Amino acid sequence: MVTSPEDLNVAPASYPQSGFPDIPGSADMLLIRHGQSEPYVPGAPFPLTGGHADPGLTPAGREQADRLALRLATTRIDAIYVSTLRRTAQTAAPLAARLGQAPRVEPGLREVHLGDWEGGEYRRRVRAAIERLAAAHAGHRLAVFTHGGVIAQALALASGSRPFAFLSVDNGSISRLVVTGQHWIVRGFNDTAHLDGARPG
């Protein structure tokens, strides 16, 4: 005679789904595109920083930065990083003030020069910057304020996609990359829920 689990008053085995695991030693990076920056006006060039045009944020960009800070105010953030360009520092400023943290500058997070595409220079530079942050922050969550091209390249490297597949990130958006050893895992892309109702760009 076959005995069922019900006959023995034994609960049947179950295998519930679980969320993404907390991987010990991984670096959890929130890749945040800077807020909307000032438009170019012919005859009024932007100041240069390291050869890059360096516009600041518009009023809409500052509002995006404020909304982002409110969104992340209760999130554990172990370190804040910005590029060498002021639009990333200005976007990070409200969150840094709320958390009482001083942003750190990572030059490898700066935006692309068109010539950087030659010979894969940009791809190598972005990979090296992400690897430096991951090595320095095992087990930490980082808020990384950077540029659309950097985010696109980092997520393309992580997913093995074509180079421009992730080039549509919005100003003030959050994408998420988890780095554990040699493995890069895309956990989120272009999250803009905190910007709902913000002034249009």
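The values are calculated or read from the model by the stated rules, or taken from the named source; none is laboratory data. Source: prediction; values computed, not measured. Here the Cβ positions follow ideal geometry from the backbone for every residue, glycine too, while neighbour counts run over all protein chains shown. Accessible surface is based on the protein model in full, side chains and every heavy atom, while ligands, DNA and RNA are left aside. Shrake-Rupley method; radii C 1.70, N 1.55, O 1.52, S 1.80 Å.
Report the residue count in segment 59-86 for those that are without any contact (Cβ under 8 Å) to a residue 60 or more places away in the chain and of a type outside the set (D, E). The number of residues fulfilling the criteria is 6. For segment 13-35, the set of residues classified as surrounded by 10 or more Cβ atoms within 10 Å (Cβ to Cβ) and more than 17 Å from R76 (Cβ to Cβ) consists of R33, H34, G35, listed by residue number.
Consider segment 40-81 and keep the residues that are acidic (D, E) and part of a helix (DSSP H, G or I). The one that is least open to solvent (accessible area, probe 1.4 Å) is E63.
Tallying residues that are among the small types (G, A, S), at pLDDT 80 or above and in a loop (DSSP other than H, G, I, E, B) within segment 1-39 yields 3. Residues in segment 144-171 that are aliphatic (A, V, I, L, M), touching a residue at least 40 places away in the same chain (Cβ under 8 Å) and not in a helix (DSSP H, G or I): V144, V169.
All of A134, A143 fail the test of being farther than 24 Å from L70 by Cα, open to solvent by less than 40 Å² (accessible area, probe 1.4 Å) and of a type in the set (A, V, I, L, M), apart from A134.
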